[in-house]
1. Stretched out fully, how many nm does the piece from Ala53 to Glu124 gain, at 0.36 nm a residue minus the Cα gap?
2. Just list whichever of Lys41/Lys80; Lys78/Lys107; Lys94/Lys118; Lys44/Lys94 have alpha carbons separated by over 19 Å in the model shown.
3. What ³J(HN,Hα) values, in whole Hz, does the Karplus curve 6.51 cos²θ - 1.76 cosθ + 1.60 give for the stretch 52-61 when θ = phi - 60°, with x put for Gly and Pro?
4. Computed from these coordinates, which is Cα extents along the principal axes in Å: [x] 88, 53, 21; [y] 52, 32, 23; [z] 47, 42, 29?
5. Is there a quick way to get the dipole size of the stretch 92-136? I mean about its Cα centre, with the Cβ of Lys and Arg at +1 and of Asp and Glu at -1; what is the value in debye to the nearest 20?
6. Any idea how far apart Ala24 and Thr97 come out in nm if each label point goes 7 Å out from Cα toward Cβ?
7. Dipole size in debye (nearest 20) for the chain around its Cα centre, Lys and Arg Cβ +1, Asp and Glu Cβ -1?
8. May I ask you to compute the full-extension gain from Gln138 to Ala60, defined as 0.36 nm times their residue separation minus their alpha-carbon distance, rounded to one decimal in nm?
Amino acid sequence: MPIVACPIPSCNYATEDLDATIVAALITAHSAVHTAGHAAKVEKVKRPTIAAAGSSEEWAYFKSRWSEYVDATHISGKDKVVQLLECCDEPLRKDLTRAAGGSLTNKPETEVLAAIQKLAVREENTIVARVALHNMRQD
């Protein structure tokens, strides 16, 4: 019966001279070749956020999220520092700018991370944590 060529212009596939229902099935099966390479659209990576007066645990979580974000987005250089500063909420960003005496975008990432940690992490007294742990009771 009919010989049918693939409708994709760059494809040279054509069916043999077979029954019309078999040709339809072959063309349908062949169409999977053209759609196999298209994966689902990947969602953009969310930038982590940090606010002032956080705990050391929150800071450790932020640092791990930050390194994952950098790996996923492949940012480097000045863009990395700009994105790092964008992670800060507005009050923390203002405090950072005040403390640095101006813009931080020309500083290295490690220096900016240290400045953020200094302002974003509350100092924790280990004695307070020990007393709280000592006073815990099981019901």
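Quick note: the coordinates plus some simple rules give every number you see, no bench work behind them. Keep in mind that what you see is a predicted model, and the values were worked out from it rather than measured. Glycine gets a Cβ as well: all are built from the backbone with ideal geometry, and neighbour counts include every protein chain shown.
1. Full extension from Ala53 to Glu124 adds 24.5 nm.
2. Lys41/Lys80; Lys44/Lys94, as the Cα separations exceed 19 Å there.
3. Running phi through 6.51 cos²θ - 1.76 cosθ + 1.60 with θ = phi - 60° gives 6, 6, x, 8, 5, 5, 5, 5, 4, 5 Hz.
4. Evaluating Cα extents along the principal axes in Å on these atoms matches [x].
5. Rounded to the nearest 20 debye, it is 140 debye.
6. Distance between label points: 6.7 nm.
7. 800
8. Details: separation 78, 0.36 × 78 = 28.08 nm, distance 2.89 nm.
Length gained between Gln138 and Ala60: 25.2 nm.
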